[in-house]
Every structure is written in C-alpha cells, then in structure tokens.
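Below is one structure, written out as structure tokens, with a few remarks after it.
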Amino acid sequence: MVVVTLIGILASLALPSFRSAGSRTKASAFQNDARVFSEGFLRYAQENGIFPKNQRNRDRFPPNMEGYISSETWQRTTPLGGRYSWDDFRRNRRSGHHGAIMILRSNLKMRELRAIDAAIDDGNTTTGALQVRNGGSRIYYILEN
C-alpha cells in the first residue's frame, strides 16, 4: 500500500514536467516551421515588392508560393493543431502588420499557448511576434510590422 502511495505521489510530481516538455516540443517544432515559412514569404516579398494575397479559402496553399515554401508542410496539421493559413492584412491595415503566418482552429488551451509564447516570444499572447486571438482559434506569427 505504501509503494502504491509513493508511486502516486511521484507520478503527480512528474506530470507538470511532462506537460512542460510537451509544450517545449510543440514550440520548437512550430518555431522551425515558422522560420522556414518566414524565410519563404520574406524572400517572395523582396523579389515581388509585396507579400502574396490571401486566399478566399484560408486552408489553401498561398498563391504563387511554389518554390518558396513546401506545400506539403504547409498543408499538414501544424505542431500546435489546426491548419496553416496566410494573412496579408490588406483588409485590416489598422493592425499595422503586413503579413502573418496564421494557424486556424488550433486545439490547444490558452494555458498551453501562453507556455509556447513564453518559450519562443515575449510571454504575452497579445503582443510580440506570436499573437493569439479569438480564444485561441486563431494564432498569428507576425512577419512584418
């Protein structure tokens, strides 16, 4: 009985570490995708003088991005859940942003998103490069302000 109790106590102590490791793994995988995609979008903007336009269907591969980013990587489920999308902010110039990699329909809780933001950005989900909106259903990785 004592052994079972000790195992239960040890398991309860280890659980936060496992969750933290999971958040760090997701953050690292997302950060790698964001870096590769950012390089592609920024190279496109440098060569064409403007970021690509949004697609009407947000789940589609951004127009004219072949050769800049991998369509296979773009169209898979992201490390944070959901799907990648592109936002050029042409409809919302008040934001001051010019381009962002967006994740639609992430399945992560705000607690997890805050931990990921702390790992790769400023720890505040409303400022910095990584921003969370609509209760976590939209995550923006801002490329250019």
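The values are calculated or read from the model by the stated rules, or taken from the named source; none is laboratory data. Keep in mind it's a predicted model, so treat the numbers as computed, not measured. Note that each Cβ is placed from the backbone with ideal geometry, even for glycine, and that neighbours are counted across all protein chains shown.
Structure notes:
- Near pairs, Cβ below 6 angstrom, 6+ apart or cross-chain, from segment 101-112 (over 17 Å from Asn124 (Cβ atoms) and hydrophobic (A, V, I, L, M, F, W, C)) to any residue that is assigned to a loop (DSSP other than H, G, I, E, B) and modelled with pLDDT of 90 or more: Ile103/Thr78; Ile103/Leu80; Ile103/Gly82; Leu104/Gly82
- Of the criteria (1) surrounded by 15 or more Cβ atoms within 10 Å (Cβ to Cβ); (2) in contact with a strand residue (DSSP E or B) (Cβ under 9 Å, 6 or more places away or on another chain), which one Asp59 fails: (1)
- Search result, residues across segment 59-86 that are of a type in the set (D, E, K, R) and within 25 Å of Ile120 (Cα to Cα): Asp59, Glu72, Arg76, Arg83
- Annotation note: Cβ proximity below 8 Å between a residue of segment 64-89 that is farther than 29 Å from Lys109 by Cβ and a residue that is among the hydroxyl-bearing types (Ser, Thr, Tyr) (sequence gap 6+ or interchain) occurs for Asn64/Tyr44; Met65/Tyr44; Met65/Ser71; Tyr68/Tyr44.
- Search result, residues across segment 22-60 that are under 16 Å from Arg83 (Cβ atoms) and basic (Lys, Arg): Lys26, Arg56, Arg58, Arg60
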